[in-house]
């Protein structure tokens with residue numbers, strides 16, 4: 001039963017990214033279904049920018065997004081944890097040094 | 001990791017108020033509970049458009065009509081945000097629609113009451129959206145990330161809904177005798193169903209305890225209902241309308257209003273499908289879906305043709 005419903009002709013799913021104003025980056029706003037990219041942009045305009053929330057819209061078909069696995073978090077991000085020398089605050093400078 | 005350690009990790013995220021995201025491991029029941037709650041919420045937004053749709057063509061002025069259209073369009077948007085959030089849990093949009101259209105899924109029983117006069121647009125905005133906001137604000141901090149983000153968006157938009165409703169009520173309440181009577185009548189009909197929107201009392205709410213533990217729910221049904229009554233009774237005073245509850249009384253000791261018994265039999269009956277408009281609402285929704293099938297098919301055929309044309313040209 002579930003299979004059958006799943007296999008119906010559902011419009012593809014798209015992820016929507018919106019630039020709220022010039023100078024800022026596009027940020028994930030949510031997702032929606034649309035038959036093609038053009039309709040996805042038009043629908044994103046109606047669904048996600050009804051109150052002037054955006055000046056630019058990106059849409060990406062959800063199936064084209066590849067994500068990291070949260071199960072790999074430790075091997076992915078732990079190596080950065082013991083490298084505090086990458087932060088400027090790691091270095092002690094004499095008070096006389098200015099503008100650094 | 002063993003199942004046990006997955007569970008431990010999940011519990012520690014919940015306990016530390018760290019959001020759960022789609023790809024994180026989560027217990028099956030957490031996923032099921034969320035799908036049920038988010039989709040019921042989405043269905044309620046979609047069905048919630050229908051009682052108001054009844055008045056768009058008959059709004060008393062162009063301004064009221066533009067406002068009502070904007071509100072109903074927001075509700076469609078809210079439904080879409082929420083369906084998207086549910087889909088991140090692995091359920092498809094078609095499955096969700098199917099659950100709504102076959103009557104397998106529930107939506108808020110408030111929308112099974114009829115909208116008899118223009119004052120009902122005021123009462124719905126003021127009371128129904130007011131109750132919804134009371135429910136939704138704590139959900140902005142719910143433990144599942146995509147749901148919380150959808151709720152932030154919904155709450156930002158919802159407050160205009162309540163204000164426009166209150167404004168309609170205020171205009172009528174300060175109007176002629178007939179208009180005031182109309183406002184009072186709408187208040188009388190929508191007050192009790194609005195209180196029922198918070199769901200059964202905590203003692204009889206089967207899911208509350210687990211949902212609070214998982215931080216899906218932040219406050220219980222009874223806590224939210226009391227909060228709503230306390231603020232709304234004061235607003236009714238501004239309107240100069242009478243709360244249709246003879247047992248309503250300020251309780252100094254509790255610091256809350258005491259209120260009369262809610263007719264839970266009526267609530268159960270409407271949930272079961274026997275409310276005044278259950279059948280009409282579902283029929284309207286199904287008809288809209290079925291009659292839109294050719295549009296969905298045509299859009300898909302168009303997209304396919306265009307793709308083929310582009311492939312040939314390349």
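The values are calculated or read from the model by the stated rules, or taken from the named source; none is laboratory data. Here the structure is a predicted model, which means the values were calculated and not measured. Note that each Cβ is placed from the backbone with ideal geometry, even for glycine, and that neighbours are counted across all protein chains shown.
Data for the structure
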read-out	value
Search result, residues across the range B:214-248 that are under 18 Å from the mean Cα position of the chain (by Cα) and either over 20 Å from residue B:135 (Cβ atoms) or free of Cβ contacts under 8 Å to residues at least 24 places away in the same chain (or both)	B:220, B:221, B:223
Scope the range B:9-31; condition in a helix (DSSP H, G or I) and within 14 Å of chain A (Cβ to nearest Cβ); matching residues	B:9, B:10, B:12, B:13
Selection count, the range B:136-152, where residues are buried (at least 21 other Cβ atoms within 10 Å of the Cβ) and either in contact with a strand residue (DSSP E or B) (Cβ under 7 Å, 6 or more places away or on another chain) or closer than 22 Å to residue B:198 by Cβ (or both)	7
Residue match in the range A:27-41 (condition: in contact with a strand residue (DSSP E or B) (Cβ under 7 Å, 6 or more places away or on another chain), more than 9 Å from chain B (Cβ to nearest Cβ), under 19 Å from residue B:94 (Cα atoms) and touching a residue at least 12 places away in the same chain (Cβ under 8 Å))	yes
Residues of the range B:134-157 that turn out to be under 17 Å from residue B:220 (Cβ atoms) and in contact (Cβ under 8 Å) with a residue 24 or more places away in the chain, as a count	7
Answer from B:127, B:50, B:69 - the residue that is touching a residue at least 12 places away in the same chain (Cβ under 8 Å) and either within 14 Å of chain A (Cβ to nearest Cβ) or in a loop (DSSP other than H, G, I, E, B) (or both)	B:69
In the range B:13-32, the residues that are within 17 Å of residue B:140 (Cα to Cα) and touching a helix residue (DSSP H, G or I) at 6+ places or on another chain (Cβ under 7 Å)	B:19, B:20, B:21, B:22
Counted residues, the range B:278-307 - those being facing another protein chain (nearest Cβ under 10 Å) and closer than 30 Å to residue B:268 by Cβ	0
Flag for residue B:271 being at pLDDT below 95 and either within 26 Å of residue B:125 (Cβ to Cβ) or touching a helix residue (DSSP H, G or I) at 6+ places or on another chain (Cβ under 7 Å) (or both)	yes
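Matching residues to (1) within 18 Å of residue B:71 (Cα to Cα); (2) outside any helix (DSSP H, G or I); (3) more than 14 Å from chain A (Cβ to nearest Cβ):
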{"position": "B:123", "(1), (2), (3)": "yes, no, yes"}
{"position": "B:136", "(1), (2), (3)": "yes, no, yes"}
{"position": "B:147", "(1), (2), (3)": "no, no, no"}
{"position": "B:153", "(1), (2), (3)": "yes, no, no"}
{"position": "B:156", "(1), (2), (3)": "yes, no, no"}
{"position": "B:163", "(1), (2), (3)": "yes, no, yes"}
{"position": "B:183", "(1), (2), (3)": "no, no, yes"}
{"position": "B:187", "(1), (2), (3)": "no, no, yes"}
